[in-house]
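The values are calculated or read from the model by the stated rules, or taken from the named source; none is laboratory data. Owing to the predicted nature of the structure, the values given are computational and were not obtained by experimental measurement. Methodologically, a virtual Cβ is constructed for each residue, glycine included, from the backbone with ideal geometry; neighbour enumeration extends over all protein chains shown.
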Amino acid sequence: MTTVSDQETMLILEREGRKCCAGLLQDSLVERLRGCTDYLTLGVDTFKDKISMTQAHIPEPHAELVYVVDLSNGTFHFTAKSYPTTGQEIGLMRNTTLENHFLELGGTKTMILGCHDLTIFNHRSDAKATGWRLDVKRRFKNLATEYKPRWVLHHPHTADKKRTLLASWSGLAEAIPSVESYAGSGTFSRKTMVGTIAMTFRKSWRSRRLAM
(Lines give C-alpha, C1' and ligand atoms only; values in the text may rest on other atoms or scores of the structure.)
Protein backbone atom coordinates (compact mmCIF):
# COMPACT_ATOMS: atom_id res chain seq x y z
CA MET A 1 0.00 0.00 0.00
CA THR A 2 1.31 3.46 -0.90
CA THR A 3 1.33 5.97 1.93
CA VAL A 4 1.20 9.72 1.47
CA SER A 5 2.94 12.06 3.90
CA ASP A 6 1.24 15.11 5.41
CA GLN A 7 3.54 17.33 3.36
CA GLU A 8 2.61 15.55 0.12
CA THR A 9 -1.08 15.76 1.03
CA MET A 10 -0.79 19.49 1.68
CA LEU A 11 0.83 19.94 -1.73
CA ILE A 12 -2.11 18.13 -3.34
CA LEU A 13 -4.59 20.27 -1.43
CA GLU A 14 -2.70 23.43 -2.36
CA ARG A 15 -2.92 22.52 -6.03
CA GLU A 16 -6.64 21.68 -5.88
CA GLY A 17 -7.43 24.83 -3.92
CA ARG A 18 -5.54 26.90 -6.46
CA LYS A 19 -7.73 25.40 -9.20
CA CYS A 20 -10.83 26.52 -7.28
CA CYS A 21 -9.47 30.06 -7.04
CA ALA A 22 -8.52 30.12 -10.73
CA GLY A 23 -12.01 28.93 -11.67
CA LEU A 24 -13.52 31.80 -9.71
CA LEU A 25 -11.20 34.49 -11.05
CA GLN A 26 -12.44 34.80 -14.59
CA ASP A 27 -10.89 37.57 -16.71
CA SER A 28 -13.93 39.84 -16.44
CA LEU A 29 -13.99 39.60 -12.63
CA VAL A 30 -10.25 40.16 -12.34
CA GLU A 31 -10.53 43.28 -14.49
CA ARG A 32 -13.22 44.67 -12.21
CA LEU A 33 -11.26 43.82 -9.08
CA ARG A 34 -8.18 45.57 -10.41
CA GLY A 35 -10.16 48.78 -10.27
CA CYS A 36 -10.55 48.33 -6.50
CA THR A 37 -7.42 46.61 -5.24
CA ASP A 38 -3.99 45.25 -6.10
CA TYR A 39 -4.32 42.03 -4.11
CA LEU A 40 -7.08 39.61 -3.17
CA THR A 41 -7.14 36.98 -0.43
CA LEU A 42 -9.32 33.89 -0.74
CA GLY A 43 -10.10 31.20 1.82
CA VAL A 44 -10.71 27.63 0.61
CA ASP A 45 -11.91 24.96 3.06
CA THR A 46 -12.10 21.29 2.22
CA PHE A 47 -15.52 19.77 2.86
CA LYS A 48 -16.70 19.40 6.46
CA ASP A 49 -20.13 19.29 8.08
CA LYS A 50 -19.59 22.28 10.37
CA ILE A 51 -18.14 25.77 10.17
CA SER A 52 -14.92 26.08 12.17
CA MET A 53 -16.13 27.90 15.25
CA THR A 54 -14.54 27.65 18.69
CA GLN A 55 -17.26 25.41 20.15
CA ALA A 56 -17.61 23.15 17.09
CA HIS A 57 -16.29 19.58 17.24
CA ILE A 58 -14.90 18.63 13.82
CA PRO A 59 -13.10 15.27 13.97
CA GLU A 60 -13.21 14.44 10.25
CA PRO A 61 -10.05 15.12 8.17
CA HIS A 62 -10.05 18.62 6.67
CA ALA A 63 -7.86 21.59 5.83
CA GLU A 64 -8.35 25.35 5.71
CA LEU A 65 -6.34 27.06 2.97
CA VAL A 66 -5.62 30.72 2.25
CA TYR A 67 -4.41 32.21 -1.03
CA VAL A 68 -3.15 35.72 -1.76
CA VAL A 69 -3.53 36.68 -5.40
CA ASP A 70 -1.51 39.42 -7.09
CA LEU A 71 -4.11 40.73 -9.53
CA SER A 72 -1.49 42.46 -11.68
CA ASN A 73 0.11 39.20 -12.79
CA GLY A 74 -2.13 36.40 -11.51
CA THR A 75 0.44 34.85 -9.18
CA PHE A 76 -0.66 33.04 -6.01
CA HIS A 77 0.86 32.83 -2.54
CA PHE A 78 -0.30 29.94 -0.38
CA THR A 79 -0.61 29.36 3.33
CA ALA A 80 -3.01 27.39 5.55
CA LYS A 81 -4.31 27.25 9.09
CA SER A 82 -1.63 26.26 11.59
CA TYR A 83 -3.35 26.61 14.97
CA PRO A 84 -6.68 24.72 15.17
CA THR A 85 -9.43 25.08 17.72
CA THR A 86 -9.48 22.32 20.33
CA GLY A 87 -12.56 20.87 18.64
CA GLN A 88 -10.77 20.36 15.32
CA GLU A 89 -7.23 19.50 16.37
CA ILE A 90 -7.75 15.79 15.63
CA GLY A 91 -9.16 16.35 12.14
CA LEU A 92 -7.32 19.42 10.86
CA MET A 93 -4.33 18.94 8.61
CA ARG A 94 -2.15 21.62 10.13
CA ASN A 95 0.15 23.79 8.09
CA THR A 96 3.50 23.18 9.78
CA THR A 97 5.46 25.39 7.38
CA LEU A 98 4.95 28.53 9.44
CA GLU A 99 7.23 30.56 7.19
CA ASN A 100 4.58 30.69 4.46
CA HIS A 101 2.44 32.95 6.64
CA PHE A 102 4.83 35.77 5.73
CA LEU A 103 5.24 37.54 2.39
CA GLU A 104 5.73 40.94 0.79
CA LEU A 105 2.84 42.77 -0.88
CA GLY A 106 3.95 45.72 -2.97
CA GLY A 107 7.20 45.85 -1.02
CA THR A 108 5.41 45.82 2.34
CA LYS A 109 6.07 42.96 4.77
CA THR A 110 2.79 41.19 5.47
CA MET A 111 1.57 38.36 7.72
CA ILE A 112 -1.40 36.17 6.72
CA LEU A 113 -3.43 34.37 9.39
CA GLY A 114 -6.02 31.64 8.98
CA CYS A 115 -9.06 31.72 11.27
CA HIS A 116 -7.88 30.51 14.71
CA ASP A 117 -4.22 31.38 13.98
CA LEU A 118 -4.88 34.81 15.49
CA THR A 119 -5.34 33.10 18.89
CA ILE A 120 -1.59 32.46 18.88
CA PHE A 121 -1.30 36.03 20.17
CA ASN A 122 -4.07 35.80 22.79
CA HIS A 123 -2.48 36.04 26.24
CA ARG A 124 -5.39 34.17 27.84
CA SER A 125 -4.65 31.09 25.74
CA ASP A 126 -0.94 31.10 26.66
CA ALA A 127 -1.54 29.60 30.10
CA LYS A 128 -3.42 26.63 28.60
CA ALA A 129 -0.97 25.93 25.77
CA THR A 130 1.18 22.81 26.18
CA GLY A 131 3.03 20.39 23.89
CA TRP A 132 2.81 21.19 20.17
CA ARG A 133 0.47 24.13 20.82
CA LEU A 134 3.07 25.83 22.98
CA ASP A 135 5.73 25.05 20.38
CA VAL A 136 3.67 26.56 17.55
CA LYS A 137 3.01 29.69 19.59
CA ARG A 138 6.68 30.17 20.35
CA ARG A 139 7.87 29.48 16.80
CA PHE A 140 5.23 31.70 15.23
CA LYS A 141 5.91 34.62 17.57
CA ASN A 142 9.66 34.29 16.99
CA LEU A 143 9.16 34.33 13.21
CA ALA A 144 6.87 37.36 13.43
CA THR A 145 9.30 39.22 15.68
CA GLU A 146 12.15 38.50 13.29
CA TYR A 147 10.19 39.28 10.11
CA LYS A 148 8.64 42.52 11.46
CA PRO A 149 5.46 42.61 9.33
CA ARG A 150 3.77 45.97 8.84
CA TRP A 151 0.44 44.56 7.59
CA VAL A 152 -1.62 41.65 8.93
CA LEU A 153 -4.52 40.03 7.05
CA HIS A 154 -6.82 37.63 8.93
CA HIS A 155 -9.36 35.08 7.62
CA PRO A 156 -11.94 34.29 10.34
CA HIS A 157 -14.99 32.21 9.41
CA THR A 158 -17.38 34.19 11.58
CA ALA A 159 -17.19 37.33 13.70
CA ASP A 160 -20.42 38.51 15.33
CA LYS A 161 -19.31 39.99 18.62
CA LYS A 162 -17.26 43.15 18.93
CA ARG A 163 -14.98 41.49 21.52
CA THR A 164 -14.62 38.10 19.78
CA LEU A 165 -11.15 38.89 18.49
CA LEU A 166 -10.26 41.96 20.54
CA ALA A 167 -7.95 40.20 23.02
CA SER A 168 -6.07 38.47 20.20
CA TRP A 169 -5.66 41.67 18.17
CA SER A 170 -4.46 43.49 21.30
CA GLY A 171 -1.94 40.74 22.00
CA LEU A 172 -0.71 40.83 18.42
CA ALA A 173 -0.23 44.60 18.48
CA GLU A 174 1.71 44.27 21.72
CA ALA A 175 3.87 41.36 20.54
CA ILE A 176 4.67 42.83 17.11
CA PRO A 177 5.11 46.61 17.41
CA SER A 178 6.13 46.81 13.74
CA VAL A 179 2.48 46.22 12.72
CA GLU A 180 0.92 49.41 11.36
CA SER A 181 -2.30 48.03 9.87
CA TYR A 182 -4.43 44.93 10.25
CA ALA A 183 -7.74 43.75 8.86
CA GLY A 184 -10.00 40.73 9.23
CA SER A 185 -12.93 39.47 7.19
CA GLY A 186 -15.66 37.04 8.21
CA THR A 187 -19.35 36.17 8.07
CA PHE A 188 -21.70 38.14 10.30
CA SER A 189 -24.71 35.85 10.08
CA ARG A 190 -25.25 33.84 13.24
CA LYS A 191 -28.83 33.59 14.51
CA THR A 192 -28.04 35.15 17.89
CA MET A 193 -26.55 38.57 17.26
CA VAL A 194 -24.71 39.91 20.28
CA GLY A 195 -23.23 43.00 18.64
CA THR A 196 -23.76 45.02 15.52
CA ILE A 197 -21.80 44.56 12.34
CA ALA A 198 -20.45 48.11 12.56
CA MET A 199 -19.16 47.56 16.11
CA THR A 200 -17.61 44.22 15.17
CA PHE A 201 -15.94 45.72 12.10
CA ARG A 202 -14.40 48.55 14.10
CA LYS A 203 -12.82 46.03 16.49
CA SER A 204 -11.46 43.88 13.63
CA TRP A 205 -9.25 46.32 11.81
CA ARG A 206 -6.80 49.15 12.33
CA SER A 207 -5.24 51.00 9.46
CA ARG A 208 -2.92 53.85 8.71
CA ARG A 209 -2.21 52.76 5.15
CA LEU A 210 -4.23 49.62 4.42
CA ALA A 211 -7.21 50.39 2.20
CA MET A 212 -10.43 48.58 3.16
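Numbers at a glance
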quantity: Any hit, segment 83-93, residues being within 30 Å of L33 (Cα to Cα), under 13 Å from the mean Cα position of the chain (by Cα) and buried (at least 18 other Cβ atoms within 10 Å of the Cβ); calculated: no
quantity: Segment 134-158, subset of a type outside the set (K, R) and out of contact with any Phe, Trp or Tyr (no Cβ under 9 Å at 6 or more places or on another chain), residue modelled with the lowest pLDDT; calculated: H157
quantity: In segment 159-178, the residues that are at pLDDT below 90 and touching a Pro at 6+ places or on another chain (Cβ under 9 Å); calculated: T164, L165
quantity: Search result, residues across segment 40-67 that are modelled with pLDDT of 95 or more and surrounded by fewer than 19 Cβ atoms within 10 Å (Cβ to Cβ); calculated: none
